[in-house]
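The values are calculated or read from the model by the stated rules, or taken from the named source; none is laboratory data. In this text, all values refer to a predicted model and were calculated from it rather than measured experimentally. All Cβ positions, even for glycine, are placed from backbone atoms using ideal geometry, and neighbour counts span all protein chains on display. Calculation scope for accessible area: heavy atoms of the full protein, side chains included, ligands and nucleic acids excluded. Shrake-Rupley method; radii C 1.70, N 1.55, O 1.52, S 1.80 Å.
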Amino acid sequence: MLIDAVEFVNEDLYLTFSIRFYGNVRGPVWKVTVSGVEEELIKRSWSQNIGLYTEHPLLLEYTDPYRELYLNGTTEDALDLFIDINRAVSQLSNDSEDISRYLFSYSSIAQLSKQGHGLFASGPKTILTLHAECLSRYGIKPIFIGDKDRGSNELKLFKLGYSYVIGRDFLFEKL
């Protein structure tokens, strides 16, 4: 499959993609109309993967309650903590692109694990719960503040390879 065209009109996105066969023979062409677009990333590249999701790590920013995670304590095992946190988050998706915004660098973890107290991270409750479990295993007390509801549970995610669109309504038409 290959994205042929993308058009933005007001708050709607029109994406046209075609299915191609061996020798670049063009097959069926589809048009997806997305209403209420919240986020998109369009990369014009070949793909074999397509899906429409109501639950996905990319949706967490819009559907999961927002929290702040503070820490109290330190650890000398920053490398192990770094590995543990990144493994825990990586279990949410096989695609590193889907979870890259939730992964820490080793230098960040090393600095945070030595500061003793303060803000560790903010974001979706699902991700921060994984972080808190890891911190606890290394003797650092996690403290949650806030639980702001995002209220956008009706959002969906359409993925076509590395491209994606998050929106409210999706209409698929075969052209």
For this session: Could you work out the Rg to Rh ratio of the range 76-128, with Rh taken as the Kirkwood radius (inverse of the mean 1/r over all Cα pairs)?
Result: 0.96
For this session: Can you pull the one-decimal nm distance between simple spin-label points at Ser108 and Leu79, each 7 Å off the Cα toward Cβ?
Result: 2.1 nm
For this session: Find the Cα radius of gyration of the chain, compare it with 2.2 N^0.38 Å by division, and give the number to two decimals.
Result: 1.26
Seminar exercise, completed: Plugging the Cβ-Cβ distance of Lys174 and Thr126 into 1/(1 + (r/R0)^6) at R0 = 35 Å yields, to the nearest 0.05, a FRET efficiency of 0.50
For this session: Give me the percent of the accessible area of the range 61-148 that comes from carbon and sulfur atoms, probe 1.4 Å, all protein chains in place.
Result: 48 percent
For this session: With 30 Å as the limit, write out which pairs from Lys43/Lys156; Lys43/Lys174; Lys114/Lys148; Lys43/Lys141; Lys43/Lys148 have Cα-Cα distances beyond it, or answer none.
Result: Lys43/Lys141; Lys43/Lys148
Exercise. When the Cα centres of the range 113-175 and the range 1-48 are compared, how far apart do they sit, in Å?
Worked result: 26 Å
For this session: Enumerate the amide H contacts of Asp95 below 5 Å, restricted to partners 5 or more residues apart or on another chain; note that Pro and chain-start residues carry no placed amide H.
Result: none
For this session: For the chain, calculate the relative contact order in percent as a whole number, restricting contacts to Cα pairs under 8 Å that are 6 or more residues apart.
Result: 35 percent
Exercise. Stretch Thr16-Glu39 to full length: gain in nm at 0.36 nm per residue minus the Cα-Cα span?
Worked result: 6.5 nm
For this session: May I ask you to order 135-147, 62-74 by the average number of other C-beta atoms within 10 Å around their residues, highest value first?
Result: 62-74, 135-147
For this session: Calculate, for the range 1-149, the solvent-accessible area per residue in square angstrom, rolling a 1.4 angstrom probe over the heavy atoms of the protein chains.
Result: 57 Å²
